[in-house]
Structures are given as C-alpha cells and as structure tokens.
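Visitor: Have a look at the structure that comes next, please.
Any read-out appearing in this document is the output of simple, stated calculations on the displayed coordinates, not a laboratory observation. Because the structure is predicted, anything quoted here is derived from the model rather than measured. Ideal geometry is used to build each Cβ from the backbone, glycine not excepted, and the neighbour counts take in all protein chains shown.
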Amino acid sequence: MTQSTNPARVRFAPSPTGYLHIGGARTALYDYLLAKQTEGSFILRIEDTDQKRYVADSEKDLMRSLRWLGLEWDEGPDKGGPHAPYRQSKRKAIYQDHAEKLVEKGQAYYCFCSPERLDRIREEQIARGENPRYDQKCRNLDPDESARRAENGEPHVIRFKSPHQGTTTAVDLLRGEITVDNQTLDDIVLIKSNGLAVYHLAAMVDDHLMDITHVIRGAEWLPTFPVHKLIYDAFGWEEPIWVHLSLLLKPDGKGKLSKRDMEEARQKGQPIFVKDMEEFGYLPETVNNWLALMGWSYDDRTEFFPMEDLIGKFSLEKLNPSPAAINFSKLDHFNGLHIRQLDVDDFAQRIKPYFEREGYEVDEEILPDVAAAIQTRTGKLTEVTDMAGFFFEEDVDLVPKRIINKNLSASQAAYAAQRMSHLFQEVPVITQDTAEKPLRELADELDLKAGQLFGLLREALTGQKVSPPLFDIISILGKETVIERLDEAAMTLRDMAE
RNA sequence: GCCCCCAUCGUCUAGCGGCCCAGGACAUAGCCCUCUCAAGGCUAAGACCGGGGUUCGAGUCCCCGUGGGGGCACCA
C-alpha cells in the first residue's frame, strides 16, 4: 500500500438542494474508501448555509442513498460526534467569530455596498470586457469607522482581503501546483448580510475545526482553490491534502450534467440519482464498483471489485484528473457480473421484492430454484418478472400466433402438445436425462425439428418466447403442473384449429 | 471577455523515456457452445489532437497552437 497509513479524517459535505446523484455518490465513495482503508473517520456534514436553495426532502434522501450504498458515516448530523453540530446552519456563531478574527487581523473587512451597486458595477465591467469582480470600494475604509457603522446596524457583509501583488500557489494532489496571478483574485464575501457564512468560509473553518486531513471535492472548485488556500493561510492553519476530482460528463461527453439532462436520462431508464438505482434494478455493489472506476483505476486489467477490494486497493494517487463521460452500458455489465457472483440464496432474497412489487405472490419453496435458473440471465433485477413471473402464476396465457406459422398448423401443434403430455405422464420423474431423448424422438416422429417442439413446450409452460432452460422449468413446476399446462395448451390450440 | 483545468480506440482506461508496429474493459461485428434467452469461449475492427523542441530514443518531458471542460454570485 502506497497510501499514508495515518488514519484519515474525510468528510462528505453536500448541500441539501436535491437528490443524491452519481457525482456526489462517487465523491462520498472515495471519502469512505480512504477512511476505511486508513481506519480513519468518514464524516457527513450538511452544508445548508443557503436557505433559498434548501430542498426539504433532500437530506433524508441523502442519508438513505448513502446507506443503501453501504457508505455509513462515523460522525454526522443524526449521530453526533466530537465536532457537533454537523449542520452548518447550526454553526453560524462559529463562522462569525472566525470572520471577526480575520477583520481584526486586517485580513478581511466590512463592506457596505448594496447588492444593487454590485449588480451595476458588474454590468459595467462586463460591458467593458473586464473580468467582473468587486471594485474594492470598502476595502480601505477606516477600520474603526467601519466597525462603528456595522455596530449601528448598517447592512454589511464581510469580505476577504485578497492580496494584489505576486502570485498564489496551491497544491492539488492530482495536478500539482496551481498558480494564479493575485491581480485576478476577487475579494469574496465571507459572511452574508444575513449573518450566515458562505461556502468559502464555512467549509474552510469546518474542515480545520473538524481535523479534516483530506479534502476531496469536485473540480468545479479549482478556480476558487487558491483563495481557499489563502483563507487557510490567513488563519495560520495547516492545510489539508487537497484532491479535486474530475468532473463527470454527460454520456456523450459534452458538458457536465444539468438538471434537465438528469431528467432526460431518467426517462431513458438511465439512473442519475442513487434512489433510481434500486428502482431500476441495480445492486449497490454494482454501483460502487462502477462509480469507483469513473476516474480511478487499479491496474491494466482488474475491473471487478467487491467493496472489500475497493477498500484494500483504492489509492488517491491513481485518481485521474481528466473529465469522464458516464457510461451506462458499463453499469449494466457490472450489474451482471455482481449478480452472477452472488450466492443463490442471496440472489433469491434480492429478487423477491421485484416480483412482489409487480404483484406476484412469491412461493418461498421454489424461490431458490427459480433464482438459480435465472441468475446468469439477469442483467437488472427488474427483468426477473418478465423472465420468471410465470412460476408464480396460476395459468399462463398462450400466444398462439407465436406458435402457429406456415411450418406448424394449429392442429399439428395441438397434437404435439397432447403427445408431450402423454409422454410426460409415462415418465416417472422428468429430468433432462429421462425426457430429452424421448422428446427428440417424438419430434422426429411428428416430422418436426427438435427446436420447434421445444419452442412449443416453452410457450405452453411459460407463455413466453424466452425463458430459463426447459428442464429447469419442468423440475421446478413439477410433473403435475407441466401436464396441466400442456393439456390446456392442447385444448386452446385445438379450438383454434376448428 | 477574463481565469483555471484537461487531452491514448465511440466510451472508461493502462502507460509515469527504450518492455508499445500501444495493453485491458464496455459497446459493436463474426464464429463456437446451445431447447429460447443469457452466460461462457474465440476472433475482428478501433486510439497516442497538431506543430515545434529536449534526447541516441517521446504516447511518456518542455513550449506554442487547437479542441474539450469548468469557473467568474451576499449558490454550493
């Protein structure tokens, strides 16, 4: 292991503005993997400093989704911890104190400019083709006077006093040094006029106070990264290791997913939100495996990773800084792989809810056998009803037009079904060994291809064109049911012949 | 417009100067297996963005283009 063996303290810090999507889930997964690998801590922190964007259900969805993936946190808003509270809206005073400290040190200042003025100067700057940023009107106000005005209740924000000269260099683990010219830096707002902190302050303060060792976040933070480093410096704090994850792009690779893209993808059956994964029939282990590989790799051939392997083999150094397009067909492929390595009883329990939600009454007696029969042919758990629903139905609906064609008349089919029924009645125990040969002989006798006869049998037993292997079906259904369904089919076909 | 990041098959990627006429996976096509459908096996097609350097030698290092992406809020 090339990883540092010191216990890492990592945090997943989403803002509750919507359902947990795959981008967030991937970040949380990497956090979790690093924490587990180093026997450190995985912390959940809710960044709800923007009351306007708050979505009520999202916190519940977030926790439910993380737990579904198996990414249980050690500290968080619902379970507390040594650095509680873990919800930023409850930490308002902490941020204010810290901002005041910066003001005292001359690293931040009160700004009394109105939003209207800010809008105006921004428009003017854009019109002039300049980079829009604060014109620093309040930057050089007399500190005592500023303090007085603020105390008198004049509306104000607190801004960070960015340096003007020189350059700032911040170090990202994946990209190395990122240097910006300080002239391009803006004096960002730290505390809003309503007294709440913005991300730039709140996240830095919390990460420091919570002893976060590795900040793993999306690459959309790269442009403000140098300012974040400057904020750490202003406080005199030691920086964490910064890791900016590559962005996840739309499947066509053109741009990152927007809200609308997410909805469109959902309509196509492509799960964008973690909550859709279960609904669409994916296993949590599939999702973790798939997500882990979007931006991370282990070597030049291993791709199948159960969670334990992910924990053991993950390393930050192998993270890829370039953006990655989402590949849903690979998700399907991984789901198949993980389904096939489940043991049968486990698989049986996983598919049970998918039958039930389609209204089937699952017979626990035969469920394990059904599971065994369909396991290798299940790509998504939602497919099991189409493949094996007939096991849990009283009768099947025959679709004669799939049976009867120019090579097989209704009366021929009816006769063949009847003959198979008789044949099975004579065989004490129907298995592939006892029944296949007689069936093939029957096909010869009736001048049918074996495939035709098997096809007829399949339709009679399942009402489907596609099914698990016939002899599996027969042994699960039992001789009695098999004969019943065959007789019924014969009857239906005979009626059609007349 | 300004700033930042990225750049190998359609997609995800391996490659950290010679082991690469570039390897794997998904998807695609063909074949084999076969009672259907899968699974599995085999095979095919498919990429180092361009130009300059550095070097005995560059997919790998540097520079410039180009392309893609991201950011420029009292959102995160």
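Visitor: Please specify each residue of region A:1-47 satisfying the condition of being part of a loop (DSSP other than H, G, I, E, B), more than 17 Å from the chain's Cα centre (by Cα), of a type in the set (A, V, I, L, M) and surrounded by 24 or more Cβ atoms within 10 Å (Cβ to Cβ).
Guide: Residues of region A:1-47 part of a loop (DSSP other than H, G, I, E, B): A:1-8, A:13-20, A:38-40, A:45, A:47.
Remaining after also requiring more than 17 Å from the chain's Cα centre (by Cα): A:1-8, A:38-40, A:45, A:47.
Checking the rest, the ones that are also of a type in the set (A, V, I, L, M) come to A:1, A:8.
Result: A:ALA8, single match.
Visitor: Of all residues in region A:101-135, count the ones that are in contact (Cβ under 8 Å) with a residue 24 or more places away in the chain and more than 15 Å from RNA strand B (Cβ to nearest atom). Spell out how you get there, then give the answer.
Guide: Filtering region A:101-135 down to residues in contact (Cβ under 8 Å) with a residue 24 or more places away in the chain leaves A:101-103, A:105-114, A:131, A:133-134.
Next cut, more than 15 Å from RNA strand B (Cβ to nearest atom) only: A:101-103, A:105-107.
Here the count works out to 6.
Visitor: Looking at A:PRO353, A:PRO368, which one is in contact with an Asp or Glu (Cβ under 7 Å, 6 or more places away or on another chain), surrounded by fewer than 18 Cβ atoms within 10 Å (Cβ to Cβ) and not in a loop (DSSP other than H, G, I, E, B)? Quick ask: steps written out before the conclusion?
Guide: Working: A:PRO353 fails: in contact with an Asp or Glu (Cβ under 7 Å, 6 or more places away or on another chain).
None of the others qualify; the one that does is A:PRO368.
Visitor: Now, a different point. Could you please give the count of residues in region A:136-159 that are surrounded by 14 or more Cβ atoms within 10 Å (Cβ to Cβ) and within 11 Å of RNA strand B (Cβ to nearest atom)?
Guide: So the count comes out to 5.
Visitor: Kindly indicate the residue of region A:266-303 that is among the small types (Gly, Ala, Ser) and free of Cβ contacts under 8 Å to residues at least 60 places away in the same chain and also farthest from A:THR385 (Cα to Cα) among those meeting that condition.
Guide: Filtering region A:266-303 down to residues among the small types (Gly, Ala, Ser) leaves A:269, A:281, A:292, A:295, A:297.
Keeping just the survivors that are free of Cβ contacts under 8 Å to residues at least 60 places away in the same chain gives A:269, A:297.
Working: A:GLY269: 17, A:SER297: 35 Å.
Out of the qualifying residues, it is A:SER297.
Visitor: Something else about it: Anything in region A:224-244 that is surrounded by fewer than 20 Cβ atoms within 10 Å (Cβ to Cβ) and within 26 Å of the chain's Cα centre (by Cα)? List them, or say none.
Guide: A:ILE241
Visitor: Hey, any hits in region A:246-264 for a residue that's away from RNA strand B (no atom under 13 Å from the Cβ), closer than 28 Å to A:ASN320 by Cβ, assigned to a loop (DSSP other than H, G, I, E, B) and among the hydrophobic types (A, V, I, L, M, F, W, C)?
Guide: Within region A:246-264, none of the residues are away from RNA strand B (no atom under 13 Å from the Cβ), closer than 28 Å to A:ASN320 by Cβ, assigned to a loop (DSSP other than H, G, I, E, B) and among the hydrophobic types (A, V, I, L, M, F, W, C).
Visitor: Just to be sure I understand the filter: pairs with C-beta atoms under 6 Å, separated by 6 or more residues or on different chains, first member in region A:434-454 and hydroxyl-bearing (Ser, Thr, Tyr), second member part of a loop (DSSP other than H, G, I, E, B). Which pairs pass?
Guide: Pairs that qualify, where the first residue is hydroxyl-bearing (Ser, Thr, Tyr) and the partner is part of a loop (DSSP other than H, G, I, E, B), are A:THR434/A:VAL427.
Visitor: Quick check on region A:186-193. Is at least one of its residues assigned to a loop (DSSP other than H, G, I, E, B), among the acidic types (Asp, Glu) and within 11 Å of RNA strand B (Cβ to nearest atom)? First the steps, then the outcome.
Guide: We begin by selecting, within region A:186-193, every residue assigned to a loop (DSSP other than H, G, I, E, B); these are A:186-188, A:192-193.
Keeping just the survivors that are among the acidic types (Asp, Glu) gives A:186-187.
Next cut, within 11 Å of RNA strand B (Cβ to nearest atom) only: A:186-187.
Taking every residue of region A:186-193 in turn, at least one turns out to be assigned to a loop (DSSP other than H, G, I, E, B), among the acidic types (Asp, Glu) and within 11 Å of RNA strand B (Cβ to nearest atom).
Visitor: So, in region A:304-331, of the ones that are touching a residue at least 24 places away in the same chain (Cβ under 8 Å) and near RNA strand B (Cβ under 6 Å from one of its atoms), which residue ends up surrounded by the fewest Cβ atoms within 10 Å (Cβ to Cβ)?
Guide: A:SER322
Visitor: Which one of the conditions (1) surrounded by fewer than 20 Cβ atoms within 10 Å (Cβ to Cβ); (2) within 13 Å of RNA strand B (Cβ to nearest atom); (3) farther than 20 Å from A:SER322 by Cβ does A:MET204 fail to meet, given that it meets all the rest?
Guide: (1)
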